[in-house]
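Worksheet for the structure shown next.
The values are calculated or read from the model by the stated rules, or taken from the named source; none is laboratory data. The shown structure was predicted, so the numbers you read here are calculated from the model rather than taken from an experiment. Virtual Cβ from ideal backbone geometry, glycine too; neighbours counted across all protein chains shown. Please note that ligands, DNA and RNA were not included when accessible areas were found on the heavy atoms of the full protein model with its side chains. Shrake-Rupley method; radii C 1.70, N 1.55, O 1.52, S 1.80 Å.
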Amino acid sequence: MSRDLFTYQNNELYFADAKLSDIPAIKNYQEPVLVYQKSLISERITWVKSWTKLKQLHFAMKSNYHPEILKLFKDAGCGLDVVSLGEIKHGLECGFKPSDFIFSGVAKTIPEIEFAIDNQIFQINVESPAELRRISDIASKKNKKVSVGLRVNPLIETPTHPYISTALKDSKFGIDLEAVPECLDIIKKNPLVEFKCLSFHIGSQILDPLVFKESVEKMKTYFLDLKKQFSTLTRFDVGGGLGIDYKSHDLIADFDRWNNLKAAYDESLKNFDADILSELGRFIVARSAVFICQVQYIKNKNMLVLDLGMNNNMRPSLYQAHHHFYNLKKNSSNQVNYSLVGPICESSDVFHRSFPLFETKEMDLLVMADCGAYVRSMASNYNLKNIAQEIFI
Ligand SMILES: Cc1ncc(COP(=O)(O)O)c(C=O)c1O
């Protein structure tokens with residue numbers, strides 16, 4: 001059984017159950033526009049929240065920080081995983097409470113740590129002994145308690161792009177296992193620093209549940225050892241990282257992918273007593289948006305020059321990410337291999353060197369799939385191009 005996110009009916013493209021060409025911003029197309037279906041996110045929040053072992057989902061805000069999207073997570077009772085003071089303040093403005101935040105990131109500044117401690121956020125995920133020393137000093141100066149998680153690097157080979165792998169040797173992320181004892185000494189010396197959590201995040205866009213299983217099993221043993229010394233240690237943060245298949249849009253396969261991960265976790269965490277936290281981002285929001293764009297020119301016979309570029313979706317130029325394209329209207333049954341390039345003055349502003357589309361003319365509208373994660377949140381107005389408008393259906 002399959003459930004395709006994109007279908008053609010009478011040669012018109014439907015995104016879930018929405019006929020895209022009926023949307024006013026598309027009917028009267030002016031410039032690239034990002035179109036969201038919130039129900040696709042709510043459905044996945046329900047999938048994740050139905051995992052009985054999960055204590056809390058802290059959505060990785062870096063993947064998408066639109067207030068309407070954050071509201072879905074807030075209304076479902078989720079927390080947030082944030083990586084800057086900017087993200088904390090934005091989350092607070094969107095109605096989240098300090099007790100909702102896990103604060104990750106390798107370069108937390110003094111003002112950021114002060115804000116986190118003053119507001120007594122849920123947990124700071126520490127990424128180095130030097131950062132922990134700074135946190136401990138600030139807590140002492142303020143005479144305020146701080147809850148910390150140690151984000152360790154479990155050293156797991158992850159089958160993903162090296163730019164989104166975070167558990168390699170010499171990674172800038174997480175604390176090397178050899179450096180953990182130094183952190184434990186700092187914690188033991190300061191009763192204001194409460195060691196609450198063992199955290200790990202091995203990378204993003206990982207499809208194989210066995211990789212997550214391997215990291216959980218490694219860290220579980222480590223957690224149980226640490227727990228003998230620290231009774232405060234009750235939380236086990238498994239990070240995010242589950243990916244989607246950008247080359248297929250079968251929603252049943254996504255559901256199966258989630259269930260397979262859940263089963264792998266459940267098997268590894270049998271009889272394991274800890275509050276399990278998750279920091280998923282991409283898997284929940286990636287499918288929820290499409291970019292609509294227009295072919296401005298056709299060059300060299302089969303090069304489609306689009307008005308949408310790397311400033312609005314930098315994933316392909318940053319790490320060769322694949323985004324599928326569809327014709328908004330199917331005007332021919334002939335398929336042609338096109339290259340798809342953006343308008344930005346960079347040679348890397350290329351989405352595809354060869355991608356099959358139905359025969360396409362200048363000014364035709366195209367639809368780029370799976371733009372809900374790490375697309376708008378990474379956008380810039382480089383070349384003083386507009387950051388695209390976002391609309392919800
Ligand atoms: C610490 C941390 N947690 C969670 C995430 C979310 O990852 P993903 O969107 O792949 O689930 C990231 C992203 O890289 C991260 O760095």
Taking residue 168 and the conditions (1) at pLDDT 95 or above; (2) surrounded by fewer than 20 Cβ atoms within 10 Å (Cβ to Cβ); (3) within 16 Å of the ligand (Cβ to nearest atom), which numbered condition does it fall short on, given that it satisfies the others? (1)
Among the residues of the stretch 333-354, which ones are in contact with an Asp or Glu (Cβ under 8 Å, 6 or more places away or on another chain) and open to solvent by 30 Å² or more (accessible area, probe 1.4 Å)? 334, 335, 336, 343
State whether one or more residues within the stretch 366-376 are outside any strand (DSSP E or B), modelled with pLDDT under 95, away from the ligand (no atom under 16 Å from the Cβ) and under 21 Å from residue 4 (Cα atoms). no
How about the stretch 2-77: which helices (runs of 4 or more DSSP H) wholly inside it have at least 2 residues that are more than 16 Å from the ligand (Cβ to nearest atom) and open to solvent by less than 40 Å² (accessible area, probe 1.4 Å)? 24-27
Identify the single condition in (1) under 21 Å from residue 261 (Cβ atoms); (2) at pLDDT below 95; (3) away from the ligand (no atom under 13 Å from the Cβ); (4) in contact with a strand residue (DSSP E or B) (Cβ under 9 Å, 6 or more places away or on another chain) that residue 177 does not satisfy, given that it satisfies every other one. (1)
Return the only residue of 369, 373 being surrounded by 15 or more Cβ atoms within 10 Å (Cβ to Cβ), of a type outside the set (D, E, K, R) and over 29 Å from residue 11 (Cβ atoms). 373
Filtering the stretch 210-263 for residues that are of a type in the set (Phe, Trp, Tyr), in contact with a helix residue (DSSP H, G or I) (Cβ under 9 Å, 6 or more places away or on another chain) and in a helix (DSSP H, G or I) leaves a count of 4
Residue 106 passes all but one of (1) among the aliphatic types (A, V, I, L, M); (2) within 18 Å of residue 183 (Cα to Cα); (3) in contact (Cβ under 8 Å) with a residue 40 or more places away in the chain; (4) surrounded by 20 or more Cβ atoms within 10 Å (Cβ to Cβ); which number fails? (4)
Between 242, 198, 226, which is aliphatic (A, V, I, L, M) and away from the ligand (no atom under 16 Å from the Cβ)? 226
When both residues are 6+ apart or on different chains and their Cβ atoms are under 8 Å apart, which pairs have a first residue that lies in the stretch 289-303 and is surrounded by fewer than 23 Cβ atoms within 10 Å (Cβ to Cβ), and a second that is among the hydroxyl-bearing types (Ser, Thr, Tyr) and part of a loop (DSSP other than H, G, I, E, B)? 294/29; 295/360; 298/360
